[in-house]
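Only the coordinates and a few stated rules stand behind these numbers; no lab work does. Remember, predicted model here, so these are calculated numbers, not experimental data. Cβ placement follows ideal geometry from the backbone for every residue including glycine, while neighbour counts extend to all protein chains displayed.
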Amino acid sequence: MLFEVDLSTGHFASIRTDSNGDPLILIRKSPTSEPPLFALFKLNRETGDILINGITIGQGVTGCDIDNDIPVFEPLPGGESFYAAWLRGKLYVDFCIFDQNGVFIEEPYVAYDYTDEPIQQLHYLAGDTNEEGDIFLTWSEGDTLVWGYYIVLGWLDHDWVSVEDETWAVPSFTGEITPSANPFTKSVQLFIPGIENGEQLRIIDVYGRRVRELTSSEEVFLWDGMSSAGEEVPSGSYFAVLCTDTRQSVLKLIRL
């Protein structure tokens, strides 16, 4: 056997090669005395000598372990640096960049944080890069109460320091939302009988991107055609999505 490592109770390994053709292996380990971690190993492609011996790339904390799944581990253009991403506690997407010697370029940090949405559960992380080095991640976002599961896309630009955006699938349920006009021009009122004051209605575009969140008043939501950033949205199709503990509704809107 060329290479063997004690995984304790851990498993899941990903392997990639660097610009010299040497293999790097990222393994999930579960030490008995500390939270699970991802350890990086590197071998000489000709001799099998261990060049990197178990550097810790990412680790959970007590009560918020890294998820029991294969991490995303992909090379950036040129093969001289790599990124890794993993789910932690089903509420975080953690992310880091390191070079082919295991030295951090961007130390691990939380790229997406779902702690303000405690009903969410994240699953099935995957990733890829383009020629410019932009990084794309996708995962399944599950709502344990009502929403079901959605595919989310997040991406970081080639500087690797900021999350650019996120998208999710348009839900398939239907229900009663009555618009004051549809198509509409500047603004539209959305009537939902029996809705309580303070409920939230989400406006998303045809790509699933969140455009605006509205708050109900006297069974009415008013959308002035503006985004959450205070910019007027272009003409096109949008979806008004309502989801509470007891109600699920979606309406396609057309802005002229």
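Roughly speaking, what is the stretch gain from Gln189 to Phe104, that is 0.36 nm per residue apart minus the C-alpha to C-alpha distance, in nm to one decimal? Can you show the working numbers first?
Details: separation 85, 0.36 × 85 = 30.60 nm, distance 5.09 nm.
That pair, Gln189 and Phe104, stretches by 25.5 nm at full extension.
Quick one: order Ile204, Ile55 by neighbouring beta-carbon count within 10 Å, fewest to most. Kindly include the intermediate steps, with their values, before the conclusion.
On the way: Ile204 21, Ile55 16.
Listing Ile204, Ile55 from fewest to most nearby Cβ atoms yields Ile55, Ile204.
Quick one: order Leu122, Leu51 by neighbouring beta-carbon count within 10 Å, fewest to most. Numbers along the way, then the final one.
On the way: Leu122 20, Leu51 17.
Exposure proxy ranking, most exposed first: Leu51, Leu122.
With label points built 7 Å along Cα→Cβ from the Cα atoms of Tyr124 and Arg209, find their separation and express it in nm.
It works out to 2.4 nm between the two label points.
Distance in nm between label sites at Glu34 and Ser19, each 7 Å beyond Cα in the beta-carbon direction?
In this crude label model, Glu34 to Ser19 measures out at 3.1 nm.
Under a cut-off of 30 Å between alpha-carbon atoms, report the lysines in cross-link reach of Lys42, not counting same-chain residues fewer than 8 places apart.
Lys29, Lys90
Please find the FRET efficiency linking Val220 to Glu132, where r is the Cβ-Cβ separation and R0 is fixed at 45 Å, and quote it to the nearest 0.05.
Values: r = 45 Å, r/R0 = 1.00.
About 0.50, to the nearest 0.05.
Counting other beta carbons within 10 Å of each residue's own, what order do Asp116, Asp65, Asp99, Asp18 fall into, fewest first? Before the final figure, lay out the partial values.
Details: Asp116 7, Asp65 17, Asp99 13, Asp18 20.
Fewest-to-most ranking of Asp116, Asp65, Asp99, Asp18: Asp116, Asp99, Asp65, Asp18.
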